[in-house]
Amino acid sequence: MNDHVTSPLYCKVALVTGGAGGIGAAICTELARHGATVVVGYNRSAERALALAASLPTARARHAALPAPVTDSAALHRLATAIGERYGRCDILVNCAGTTSFVAHADLDGLDDGLIDSVLATNVRGPFAAVRALRPLLAAGGDGLVVNVSSIAAVTAMGSNVMYCASKAAVDNMTKSLARALAPAIRVVSVSPGLSDTDFVKSMAPEWHDEQARRTPLQRLADPREVALAVVALTTHLPFTTGAVIPVDGGRPLQ
């Protein structure tokens, strides 16, 4: 989008947690391309986040990369203060930070307590803590938006491990609860991708990658940009949507 001044996202400020990852970076890029000022939230990926923020398209936007460790509530409150001081507003929060590890679902001992706690703290408590910290800024404008990046694992119960699937189901349920609790000043929506063609997924064995594509009715995986465009659509074309789960999965659950 070339004419940022006429974009509905012009002058809007968006924070994307996990913004330096594959899907997060695509979301940052599309929000900026549609006129938003983007804060790339990161935990350990400072170098990538800073490089991304510097590369984002701009039309008088002041993009930034700031620490956003979602398991540290005090740090999230400091981040909210920093955003308020720098921009005076935050209109969009995209909760994209997440973690997982591959553990076969039947390997109950392999899914140890440390991994369980890490997945739940990052994938469930993290989005809630980010909403809690940013709520005053999001509500101030009367039309705040929270987008939680979920997964079809929430409904298929197929994913990298049992607790990852459970965490995404919790995110979708939390989306509905928060949509009710924070209305009308803040809308809350989940975007639920299928397996996405990130660099991490591309690094997997080609046979596994191709099998996942064959098992998807549209015969391919999601491009991260397609997930990002769903987030943009919620900001620009779906202003009456809240408490919903928007699938971006190529019909995979139909198989």
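Worth a mention:
- Matching option when the condition is closer than 23 Å to Ser118 by Cβ and assigned to a helix (DSSP H, G or I), among Ala51, Ala32, Ala25: Ala25
- Lys168 vs. criteria buried (at least 23 other Cβ atoms within 10 Å of the Cβ) and either of a type in the set (Phe, Trp, Tyr) or under 30 Å from Gly251 (Cα atoms) (or both): yes
- Considering the stretch 190-212, and only residues there that are in a loop (DSSP other than H, G, I, E, B) and in contact (Cβ under 8 Å) with a residue 24 or more places away in the chain, the residue that is surrounded by the fewest Cβ atoms within 10 Å (Cβ to Cβ) turns out to be Asp197.
- Residue within the stretch 106-115 that is under 25 Å from Ala75 (Cβ atoms), surrounded by 15 or more Cβ atoms within 10 Å (Cβ to Cβ) and within 15 Å of the chain's Cα centre (by Cα) present: no
Rundown of residues vs (1) in contact (Cβ under 8 Å) with a residue 60 or more places away in the chain; (2) within 19 Å of Ser196 (Cβ to Cβ); (3) assigned to a loop (DSSP other than H, G, I, E, B); (4) not acidic (Asp, Glu), yes/no style:
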site	(1), (2), (3), (4)
Arg89	yes, no, yes, yes
Val147	yes, yes, no, yes
Ser151	no, yes, yes, yes
Ala169	no, yes, no, yes
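- The stretch 35-48: number of residues that are part of a loop (DSSP other than H, G, I, E, B) and closer than 21 Å to Leu234 by Cα: 2
- From Asp249, Asp172, residue being under 27 Å from Asp107 (Cβ atoms), at pLDDT 85 or above, of a type in the set (Asp, Glu) and in contact with a Pro (Cβ under 9 Å, 6 or more places away or on another chain): Asp249
- Positions within the stretch 158-169 being modelled with pLDDT of 95 or more and either in contact with a strand residue (DSSP E or B) (Cβ under 6 Å, 6 or more places away or on another chain) or not hydroxyl-bearing (Ser, Thr, Tyr) (or both), in sequence order: Asn161, Val162, Met163, Cys165, Ala166, Lys168, Ala169
- Condition met for Asp109 (among the acidic types (Asp, Glu), out of contact with any strand residue (DSSP E or B) (no Cβ under 8 Å at 6 or more places or on another chain) and either under 15 Å from Val149 (Cβ atoms) or modelled with pLDDT of 95 or more (or both)): yes
- Residues considered: Arg215, Arg187. Of these, the only one that is surrounded by 12 or more Cβ atoms within 10 Å (Cβ to Cβ), charged (D, E, K, R), at pLDDT 95 or above and farther than 15 Å from Cys96 by Cβ is Arg187.
- Residue in the stretch 225-247 that is free of Cβ contacts under 8 Å to residues at least 60 places away in the same chain, assigned to a strand (DSSP E or B) and more than 30 Å from Ala183 (Cα to Cα) present: no
- Test: residue in the stretch 126-142 that is without any contact (Cβ under 8 Å) to a residue 24 or more places away in the chain and out of contact with any strand residue (DSSP E or B) (no Cβ under 8 Å at 6 or more places or on another chain): no
The values are calculated or read from the model by the stated rules, or taken from the named source; none is laboratory data. Bear in mind the structure is a predicted one, so any value in this text is a computation, not a measurement. Cβ coordinates were reconstructed from backbone atoms using ideal geometry, including for glycine residues, and neighbour counts include every protein chain displayed.
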